[in-house]
Amino acid sequence: MYLDIPFDIVIAYAVGLVLLYLVGWLLLVRFKFLLRWMVNGLLGGFALWVLNLIGGLIGVTMAINPVTALTVGFLGVPGVILILFLQFVLF
């Protein structure tokens, strides 16, 4: 039983599998990157909440607005420290 499959179809399938692998790999890498940002944002938001909860007792509070939320979401806990530093330097 001899199969007469053209060589160009075999090449097309091989290239398609390689491209599928590359697209899957790129999506996975970007998902890990996005997951890291989400974890940073959650930790930063939790840090803002704790800071406002405990900081109210000692007079250190921080407004939660889009700028602080984006900074903390992008940088995480170092973003909270940066905003606190800027708050004390500017005011």
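Between helix 66-75 and the chain there is an angle of about 60 degrees, using the helix long axis and the longest principal axis of the Cα atoms. For the chain, adding -39500 (n - 2.57) for each run of n ≥ 4 DSSP H residues and dividing by the number of residues yields -29500 deg cm²/dmol at 222 nm.
Coordinate-derived values only; no laboratory data. Everything numeric here is computed off the predicted structure, so don't read it as measured data.
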